[in-house]
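Remarks on the structure that follows.
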2 protein chains.
Amino acid sequence: MKKIIITFLLIGPYLIAAQKKSDEIMVASIYEEVLSNSPIYESLRVLCKDVGHRLSGSTGAAAAVEYTRQLMIEYNFDTVYLQPVMVPNWKRGPAEILKITNSKKHGVIGLNALALGNSIGTGPQGILAEIIELKGLEEIQKHKDNIAGKIVFFNGPMDPTLLKTFSAYGSAVSQRSSGAAKTEPYGAKAIIVRSMTQSLDDVPHAGSLRYQKGLKELPAMAISTKDADLLSQLLKDQADLRIYMENYAEMLPETQSYNVIGQLTGTLFPDEYIAVGGHLDSWDVGEGAHDDGSGCLQGIEVLRVFKSLKIKPKRTLRAVMWMNEENGGKGGKAYATLSEIRNENHIAAIESDRGGFVPRGFTSTGSDKQKQQFLKWKTIFEPYGLHDFDQSGGGADISPLSKQGTFLIGLLPDGQRYFRYHHTEKDVFEAVDRRELELGAASMASLVYLLDQYGLTH
Amino acid sequence: MKKIIITFLLIGPYLIAAQKKSDEIMVASIYEEVLSNSPIYESLRVLCKDVGHRLSGSTGAAAAVEYTRQLMIEYNFDTVYLQPVMVPNWKRGPAEILKITNSKKHGVIGLNALALGNSIGTGPQGILAEIIELKGLEEIQKHKDNIAGKIVFFNGPMDPTLLKTFSAYGSAVSQRSSGAAKTEPYGAKAIIVRSMTQSLDDVPHAGSLRYQKGLKELPAMAISTKDADLLSQLLKDQADLRIYMENYAEMLPETQSYNVIGQLTGTLFPDEYIAVGGHLDSWDVGEGAHDDGSGCLQGIEVLRVFKSLKIKPKRTLRAVMWMNEENGGKGGKAYATLSEIRNENHIAAIESDRGGFVPRGFTSTGSDKQKQQFLKWKTIFEPYGLHDFDQSGGGADISPLSKQGTFLIGLLPDGQRYFRYHHTEKDVFEAVDRRELELGAASMASLVYLLDQYGLTH
């Protein structure tokens, strides 16, 4: 026994060093494979240009399910299948009008606007009302007696000085998601929200709201940041400014859709799962290129790299395209529920849902022990420009897995450009850079390789 | 004496910690100022859209000199002046033709091409010749007997697997800069070069070549990567493929131009200088947005931030727009020469000439002592996403200052997208992201603040 211990003490460090070296070589091969041979950019082009946007319940969503299923069959994954899930079926409707009707300076002014996802419409009678401008939900109390009969205009901007743009988004987005529910009790007639972006431009940003049970549902629209500034400016000189809103958004009954799953079955521990991917649905404007076509195809690319480099995974790897992240999260919930029923042990799940930008690190959420093991790999990624491993977080679609103790990981790309495109007509194929997309995929594949090699104990 | 030493040992660490804290607060203010109030994005729009491209000797270059001079006068810098410099005056000429004339498969095929900067033209008689394809200068020797009377087609690609894209560029670019001089002795008639980019597209990339004294000058053009692949493919099946080249490029006599300089004079050590900026000239396609409108306006922004935050610099700060980096480097040389004549002690110079992308660090070149002082500041930048301080390098325009012992620094932005745009019609205002541009400027201003506070001993 003593001999064994001494032997280990002598050669242990060399074994660990040799193992690390071999991991580094494999990671280098993965990056090389992706940067030399990846079809991901062309796949994204097809998903964006031939399929296009794909809100849950739309024909685009159905086409995206079929396209990604076929793609994974073509790559010869061990199993490719659809997981049924019922999803909300919200439609924007045929026309959207938002205009200032009585500006003393300019008369009638059309505004660049989009109905918020899940919002009801006004119908053909429209809504004409005066406006009250608030900078955030926290101002409701102060102005609660001045809300009745008005359109509430939430104009709190995303803080441009925050380097973490998702923090700026997180601080501002409650206006969009809860503005309607929070002002309805005070008699608001409708909601207008400043678009969630630090850019100053004419592009309205879609995104969902949540109504509250028992309260009346109010129509809600987002306007571009330039129009928000204009409206705010005009209101300073003319308190009786009125806005006319007309749209035909409606929530239809739930409809059938699917998560799309491709699998490489583990050779040693097939009952341990590592899921990796993004959400297949997008908003009904643009092409869902960054949000989240990139994440879906990066998930598929991870498994393709294993096939191409002939790495037989020890554990079972799944590329998952979750459905309905944008306005319900039904796909993520269904996946976790079915996983529990089938006693699948997900040791880790990686979601890419922050755009196809150059990777800067990974977020994570799990036990201290999991995090410690995970952080050991940080130095392997630093030569590839990934330095940020400290932020917590995983992803909306994988978060329901946390109940089973899964270590949740999010790809963390550079976030500076994301909110130029997020939920807009500008989120198109051309907004994604090939190398940045590929580097994200290579980073995810490398991490999956390490997770597969060493596992992760809870 | 003992008492003093003991006192220092006791409170020294606290003083250093307090100083670091105060530096961190100032750097935070600088980032906040730039991200909240910077006019840099609008200035870049004017430089790109109203001035446009600006090759040395062009009317665009003259307009850019005047625009940046006026901008710095408007910002009320202590001194704003022009530094005369004679520059090459190369003109592309009225028409450029490059076509395959006898493809058995496709007949005549026009190719996307641009004459290389400094190249002579073919004149109206053109050049019609067969082609020999080489993958790099190192293949010349092997094929030297097969070059006479032919157009040499250099088709060595930039290595897509290198994460450091500038390394990939550095390895491939000798084909463009020296291909003509190196093949002339073997009787080549003209040169075609695969564009310097990892992208596969239809966009030819300009860039300069250098002829060698005593050798005949050969006309040279760059072709798009897609056309390079096509040409290479066709050559495999048809060795007698011929290309016709016609263009009217010419080098006119040197002409008068200027470096543009704005200065904040130091309050404590006015004879110590810190220069910061980029090069004002660009290629004669696109708008020189990343290369190097961004760097010029970031240099100006650094001084504007000092003014705006009412920081009186101890040392003399100069925003410098060097002229003629692209095809001669005359501005950088003239600046260093004049600086020596006037005994100006440049303790440091910072150049931004790798595009207006999100900053990842700084390159540097200098003595070990300078580098040690510089590296102490690394931790101040890490929270802002700048981690890479290890690479050597400065910038083409500041390198002539190294003779006087100046510490040379280059802004190191993320390099993944740079070679999509470099020297092309795609390098336009719209290719620059506002936040990325601003973050680069804020990083430079923060570093200048630290250099100004603490100086740098050789």
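Of note:
- In a fully extended conformation the segment linking B:Leu375 and B:Tyr14 would gain 127.9 nm over its present Cα-Cα distance, using 0.36 nm per residue.
- Solvent-accessible area per residue for chain A (1.4 angstrom probe, square angstrom): 39 Å²
- Trypsin sites (Lys or Arg not before Pro) restricted to DSSP loop in region B:329-432 with at most 16 other C-beta within 10 Å: B:Arg342, B:Lys376
- Calculated label separations, B:Glu217, copies of the chain, 7 Å along the beta-carbon direction, nm: 7.3
- B:Asp414 accessible area, 1.4 Å probe, all protein chains in place, Å² to nearest 10: 10 Å²
- Solvent-accessible area lost in complex, 20 Å² minimum, residues of region B:419-447 relative to chain alone, 1.4 Å: B:Arg420, B:Asp433, B:Arg435, B:Glu436, B:Leu439
- For B:Ile25, inter-copy label distances in nm, listed shortest first [label point 7 Å out on the Cα-Cβ vector]: 5.4
- The overall shape of region B:1-100, judged from the alpha-carbon gyration tensor, is prolate: a/c is not under 1.5, and a/b is greater than b/c.
- The largest-to-smallest principal axis extents of the Cα set in region A:93-248 are 42, 40, 35 Å.
- Sorted shortest first, the separations between the A:Gly136 label point and its copies elsewhere in the assembly read 5.6 nm; each point sits 7 Å from Cα along the Cα-to-Cβ line.
- Those residues of region A:74-94 whose amide nitrogen sits under 12 Å from the label point placed on A:Tyr248, 7 Å along Cα→Cβ: A:92-94
- Note on B:Lys142/B:Lys333: beta-carbon distance plugged into 1/(1 + (r/R0)^6) with R0 of 30 Å gives a FRET efficiency of 0.20.
- Computed from Cα positions, the angle between helix A:59-74 and the longest principal axis of chain A comes to roughly 10 degrees.
- Shielded by partner chains, region A:155-180 residues - at least 30 Å² of accessible area, 1.4 Å probe, vs chain alone: A:Pro160, A:Thr161, A:Leu163
- Average Cα contact separation per residue, chain B, under 8 Å, 6 or more apart, as relative contact order %: 20 percent
- Reachable lysines from A:Lys310, criterion Cα separation under 24 angstrom, eight or more residues apart if same chain: A:Lys20, A:Lys21
- Residue (of A:Thr197, A:Thr101, A:Thr316) at the positive-pole extreme of the protein assembly as shown, dipole from beta-carbon charges: A:Thr316
- Rounded Å value of the spacing that divides the Cα centres of region A:195-223 and region A:403-439: 21 Å
- Copy B relates to copy A by a rotation, and the B residue whose beta-carbon is nearest that axis, with the distance in whole angstrom, is B:His387, 2.
- Accessible surface of region A:225-337, 1.4 Å probe, proportion on carbon and sulfur as whole %: 51 percent
- Overall, the anisotropy analysis places the protein assembly as shown in the rounded class: the square-rooted eigenvalues a ≥ b ≥ c of its C-alpha gyration tensor yield a/c less than 1.5.
- The B-A contact accounts for approximately 2200 Å² of buried accessible area, totalled over both chains at a 1.4 Å probe radius.
- Partners of B:Lys91 within straight-line reach, counting lysines whose Cα lies under 18 Å from its Cα and excluding those fewer than 8 residues away in the same chain: B:Lys330.
- 1.4 Å probe, heavy atoms, protein only - residues of region A:23-38 losing at least 40 Å² accessible area vs chain alone: A:Leu35
- Qualifying trypsin sites (Lys or Arg not before Pro) for region B:1-110 [loop in DSSP, other Cβ within 10 Å: at most 13]: B:Lys104, B:Lys105
- Calculated FRET value between A:Leu268 and A:Gln212, using beta carbons and R₀ = 51 Å, to 0.05: 0.55
- Taking max minus min of the alpha-carbon positions on each principal axis, chain B gives extents of 89, 41, 40 Å, largest first.
- Heavy-atom SASA rank of B:Ser36, A:Ser392, B:Ser364 (probe 1.4 Å, accessible area, largest first): A:Ser392, B:Ser36, B:Ser364
The values are calculated or read from the model by the stated rules, or taken from the named source; none is laboratory data. Given the structure is predicted, the values throughout are model-derived calculations rather than measurements. Because the Cβ atoms are built from the backbone with ideal geometry, glycine has one as well, and the counts that use them run over all protein chains shown. These area figures cover heavy atoms from the full protein model, side chains too; ligands, DNA and RNA do not enter into them. Shrake-Rupley method; radii C 1.70, N 1.55, O 1.52, S 1.80 Å.
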